[in-house]
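Heads up: the structure comes next, in structure tokens.
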Amino acid sequence: MKVILLRKAVHLLLAISVLSLSFYPYFVTKAYAAYTVELTEGFIRLDRLKASTVTGGTVCTKPSATHTTALDAVEVVWPSGFTVNTTGANWAGSASTLGGATAMPGIAGATPTVSSQTVTWTFATDQTVTAATMYCFSFSSTSTLTNTTAGNDKTGTIQLTDATPSLNEGTAYALSIVANDQVTVDADVPALFTFTVPDTALDHGTLSTSTVDTDVTSSGMAVYTNAENGWLMWMAADSTNSYGLYSSSTGDTISTTDADALETAVAGTEDWIISVSLGASGTVVTEFDGNETTTGGALPSDGTFEQIASHTTVSDDDTVLLTSIAAISSTNKAATDYQETLTIVAAGNF
């Protein structure tokens, strides 16, 4: 008797197993293909495709038929392996016009709910969508979706749910998850610096004890640089024959003492100073920030360089003008060969 009962139990289990296997395709199809009409188009664009990375995304569908005040919800079934946050509020949808698409109507007021791998956005009221129009909406990357491991053909479904179930539209989709979805773009910008001295001569002509004479560079020295910290400029006088306008024929010099401060030339008093001005941006060192007529600064008598101007950022056209200011006394010897040579250099501060 026990043997007979055991055999009957085995036969019953086998029958149940066969029955379950025969219905398995039905259950799988029902979970992923509740729609009865294929969407004309449908895709999901994730913001990141890197494995195990949190991401937001955009859902786009193009219905094959017009649903007039009948669209209840949008449903997305995420592929197996993706981590789907179960807090529905995190999945709030927002309008998207990706690629010129139309924003999904009613998505801002839709209520998201989550069940396992399925996220459903249920509209507050039934919406209208038009056939052959692409509709899109987005969801944020904040506590929503985390990608699975790298691999291809990660499949799921998108569905538009109609008030009449037989009019539901949907499509299968596939995603590819990769080890790295970002490309690093590198570039080098070369250091640039251009300095020009177009005017190489200043001529006072004949000086008088009754006036202070000036002569200015007409074009100015130009500086172009992409140095982050701008540029600096220095000037030095030739100290071979002592500092000042020197006459080799008489040995006389028109000069003044470098006081490291702004000086004022006075008619009838021997003096030679330089006033520096800027045609664009920058700063003149105080000692040389004269008025271009009677005030300026003197250079060291030993021929060392002294900074005259600077600019603290990139420059595409800074100009620096020099004004030579000279005054003579009644004791300066008569000659036509008074001269001094100025050396002006500049550097980009990178």
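The values are calculated or read from the model by the stated rules, or taken from the named source; none is laboratory data. Given the structure is predicted, the values throughout are model-derived calculations rather than measurements. Cβ: placed from backbone, ideal geometry, glycine included. Neighbour counts: every protein chain shown.
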Kindly list the number of the only condition in (1) among the polar types (S, T, N, Q); (2) within 25 Å of Thr293 (Cβ to Cβ); (3) surrounded by fewer than 17 Cβ atoms within 10 Å (Cβ to Cβ) that fails for Ser247. (3)
For segment 299-314: of the residues being of a type in the set (Gly, Ala, Ser) and modelled with pLDDT of 95 or more, which is farthest from Thr225 (Cα to Cα)? Ala309
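When the residues of segment 71-117 are narrowed to those that are of a type in the set (S, T, N, Q) and touching a residue at least 60 places away in the same chain (Cβ under 8 Å), which ends up nearest to Tyr173 (Cα to Cα)? Before the answer, list the steps.
At the first step, the residues of segment 71-117 found to be of a type in the set (S, T, N, Q) are 80, 83, 85-87, 90, 94, 96-97, 102, 111, 113, 115-117.
Subsequent filtering for residues that are touching a residue at least 60 places away in the same chain (Cβ under 8 Å) retains 80, 83, 85.
Details: Ser80: 13, Thr83: 17, Asn85: 20 Å.
Applying the filter and picking the extreme gives Ser80.
Going through Ala187, Ala201, Ala172, Ala222 one at a time, which residue ends up being outside the structural domain of Thr61 (by TED's automatic domain parsing) and part of a strand (DSSP E or B)? Please lay out each step first, then the result.
Details: Ala187 fails: part of a strand (DSSP E or B); Ala201 fails: part of a strand (DSSP E or B); Ala172 fails: outside the structural domain of Thr61 (by TED's automatic domain parsing).
Answer to the check: Ala222.
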Mind telling me which of the residues Thr256, Thr264 ends up being hydroxyl-bearing (Ser, Thr, Tyr) and over 52 Å from the mean Cα position of the chain (by Cα)? Thr256
Inter-residue pairs, beta-carbon under 7 Å, first closer than 18 Å to Leu245 by Cα and in segment 186-206, second surrounded by 10 or more Cβ atoms within 10 Å (Cβ to Cβ) and modelled with pLDDT under 95, 6+ apart: Leu202/Thr217
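Collect the residues in segment 79-103 that are crowded, with 21+ Cβ neighbours inside 10 Å and either part of a loop (DSSP other than H, G, I, E, B) or polar (S, T, N, Q) (or both), keeping them in residue-number order.
Let us first name the residues in segment 79-103 that are crowded, with 21+ Cβ neighbours inside 10 Å, namely 91, 93, 96.
Of everything in segment 79-103, just one residue is crowded, with 21+ Cβ neighbours inside 10 Å and either part of a loop (DSSP other than H, G, I, E, B) or polar (S, T, N, Q) (or both), namely Ser96.
Is it the case that Ala89 is of a type in the set (A, V, I, L, M, F, W, C) and more than 34 Å from the chain's Cα centre (by Cα)?
Numbers: of a type in the set (A, V, I, L, M, F, W, C): yes; more than 34 Å from the chain's Cα centre (by Cα): no.
When the stated conditions are applied, Ala89 does not pass them.
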